[in-house]
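Engineer: This is the structure I have questions about; it appears just below.
The values are calculated or read from the model by the stated rules, or taken from the named source; none is laboratory data. Note that the structure is predicted; figures quoted are calculated from it, not measured. Every residue, glycine among them, receives a Cβ derived from its backbone with ideal geometry; neighbour counts consider all protein chains shown. Surface areas here come from the heavy atoms of the whole protein model, side chains and all, with no ligands, DNA or RNA. Shrake-Rupley method; radii C 1.70, N 1.55, O 1.52, S 1.80 Å.
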Amino acid sequence: MTLFVLYESASGYGLFSADGIDEIGQNTEAVRSSVDDLNRFGKVVKLAAFSPFESALDALNQCNAVSEGQMTDELRNFLELTLPKVKEGKKPKFSLGVAEPKLGSHIFEETKIPCQSNEFILELIRGVRLHFDRFIENLKPGDLEKAQLGLGHSYSRAKVKFNVNRVDNMVIQAIFLLDTLDKDVNSFSMRVREWYSWHFPELVKIVNDNYLYAKLAKYVEDKSQLSEEHLSALTDIVGDEDKAKEIIEAAKASMGQDLSPIDLINVKQFAQRVMDLAEYRKKLYDYLVAKMNDIAPNLAALIGEVVGARLISHAGSLTNLAKCPSSTLQILGAEKALFRALKTRGNTPKYGLIFHSSFIGRASARNKGRMARYLANKCSIASRLDCFLETSTTAFGEKLREQVEERLDFYDKGVAPRKNIDVMKSAIDTVDGKEDEPMTTANGDSHEEPKSEKKKKKKEKRKQDDDEDQEMPDANGADVEDGTAKKKKKKKSKDESLEDVQPATDGKKKKKKSRTEDAD
């Protein structure tokens, strides 16, 4: 029985025949020893046919089909033309060796060509791959390597399904920059307060907000020029007329020293820089919220955008966070405390970055650890959903948030929460419902009328079917034993039996009356 080996290279399909298979006796070790030597291997395996790919796109399509275990039309034509034909009713005197068992089973189902895939076949294919450039004639050195490199890049690019909107690196950079901006804005605001307090010390006690203080320092400049005319402008800045009046009165009786015009200009410029940084911080926060809703909508809906971004940045990526078990996610960010506790044999930490969530703060001191464990469990589920779901949805995150709220009520009031399987079923139903919702038109009108028309048509069809069932006996001119006819017959027989029973009872009553009359 002859053996053919199918080899899928980057440049085309190759079919090899193993002539000396009986001498080897299908010994894998013997094949391994003969693979490295081309003289020995060339006596056993010879090229039977070769079919090159038409283009790089054709090579990619063929590679995708082979990886999925599917036989393409090109491969089928190649095998039917090159392999010996099998007569009907007779067993084939050859077999085909393939590397992928799924591909072999599909080839056998479609063409009835017997296929096999084992260690012996894999060793033969390894030898073919090693000496492939020697088998093919007119093949220039370096052509095969270029074809393999190009096909590898295109195949990987097609498999990865790269989505620009779901790049978690942007979230990591944004949360790092947000933390840095918070520190910088706070330190710069304190510097503005100290600097301007030499001129107007009373303003610190009146205005506590850093952004408002910088805005007022820029507007007021010289306190001696502040008068009742500036009341409306101060009210617009502060948002409170009483505070604006208090600022004007404090400026009149201020204990601060006078500053030169150059010093006031520097203070004004620095206050403007602090305001710009604060405004940029707000824009960056909005950008982070929008990005988190694109990348990890369920995690953002469950625990918040900032805490979710911190978890992703600490884990390194959303994929790494999805791989973490809930016990690791619970203490993520408290590694120093964990190893210190392990070293000193003390109590391990109960929470890390997850502590910044509002759920942990709302829980009582006794239940903070339990709440952290439960919340970490739900965060782990949400991160895996965000990482591996193809469609972006917040339905699961909202349902998981409801579960955490119910668990808080359970710890505080003893109200039993819902089961996890019921909550997940409702979340899946909501996702399916959103997908089935009618598309809105350009004017914003939804297609609700066609649905109602469909319902009306269904009702009319049901009525017509009922009428046809009732009219069937009359149309045939005979009693048709349908379900409706049987039911009518049963009803009629019951009514007749009841009518027969009623006269009998009437006769009994008459007899009783006659007996009573005779007795009288």
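Engineer: Output wanted: per-residue J couplings in Hz (rounded whole) for region 252-268, from phi through Karplus 6.51 cos²θ - 1.76 cosθ + 1.60, θ = phi - 60°, x for Gly and Pro.
Structural biologist: Using θ = phi - 60°, the values come out as 5, 10, 6, 9, x, 8, 7, 10, 6, x, 5, 5, 5, 5, 5, 4, 5 Hz.
Engineer: While we're looking at this one, here's another question. Determine the share of region 277-364's accessible area contributed by carbon and sulfur atoms, expressed in whole percent, with a 1.4 angstrom probe.
Structural biologist: With neighbouring chains kept in place, the figure for region 277-364 is 53 percent.
Engineer: Could you derive backbone 3J(HN,Hα) for region 89-106 from the dihedral phi with the Karplus parameters 6.51, -1.76 and 1.60 (θ = phi - 60°), listing whole Hz in sequence and x where the residue is Gly or Pro?
Structural biologist: Per-residue couplings from phi come out as x, 10, 7, x, 9, 8, 9, 10, x, 10, 7, 9, x, 5, 5, x, 5, 5 Hz.
Engineer: Separate question: HN-Hα J couplings of region 353-367 from phi, Karplus 6.51/-1.76/1.60, θ = phi - 60°, integer Hz, Gly and Pro as x?
Structural biologist: 5, 5, 5, 6, 5, 5, 5, 5, x, 6, 6, 6, 4, 6, 9
Engineer: Taking amide H positions as placed in the peptide plane 1.01 Å from N, state which residues far from Gln116 in sequence (5 or more) or on other chains have amide H under 5 Å from it.
Structural biologist: Under 5 Å from the amide H of Gln116: Leu96, Gly97, Val98.
Engineer: Could you pull the Cα extents of region 187-232 along its three principal axes, largest to smallest, in whole Å?
Structural biologist: That works out to 33, 19, 17 Å along the principal axes.
Engineer: Further question on the same structure: Given H placed on each backbone N at 1.01 Å, which residues far from Tyr13 in sequence or on other chains put an amide H within less than 5 Å of it?
Structural biologist: For Tyr13, the qualifying residues are Ser51, Phe53.
Engineer: Express the carbon and sulfur contribution to the solvent-accessible surface of region 1-135 as a percent, rounded to the nearest whole number, probe 1.4 angstrom.
Structural biologist: C and S atoms contribute 48 percent here.
Engineer: When only DSSP loop residues count, what trypsin sites (Lys or Arg not before Pro) in region 294-371 have their Cβ near at most 11 other Cβ atoms within 10 Å?
Structural biologist: For trypsin sites (Lys or Arg not before Pro) across region 294-371 that sit outside H, G, I, E and B with at most 11 neighbouring Cβ atoms in 10 Å, the list reads Arg345, Arg366.
Engineer: Right, something else. Would you please name the GluC sites (Glu not before Pro) within region 128-226 that are DSSP coil residues with at most 12 other C-beta atoms within 10 Å of their C-beta?
Structural biologist: Qualifying residues, ordered by number: Glu137.
Engineer: Taking the highest mean first, how do the peptides 375-387, 275-287 order by number of other beta carbon atoms within 10 angstrom per residue?
Structural biologist: Output ranking for 375-387, 275-287: 375-387, 275-287.
Engineer: With a sphere of radius 12 Å drawn around the Cβ of Val238, what net charge do the other residues whose Cβ falls strictly inside it have (Lys, Arg +1; Asp, Glu -1)?
Structural biologist: -3
Engineer: Next question. If you average the sequence gap of Cα pairs under 8 Å that are 6 or more apart and divide by the length of region 94-180, what percent do you get for the contact order?
Structural biologist: 19 percent
Engineer: Pick out, from Gly369, Gly397, Val415, the residue whose Cα sits farthest towards the positive end of the charge dipole of region 366-437, with +1 on the Cβ of Lys and Arg and -1 on the Cβ of Asp and Glu.
Structural biologist: After comparing all options, I get Gly369.
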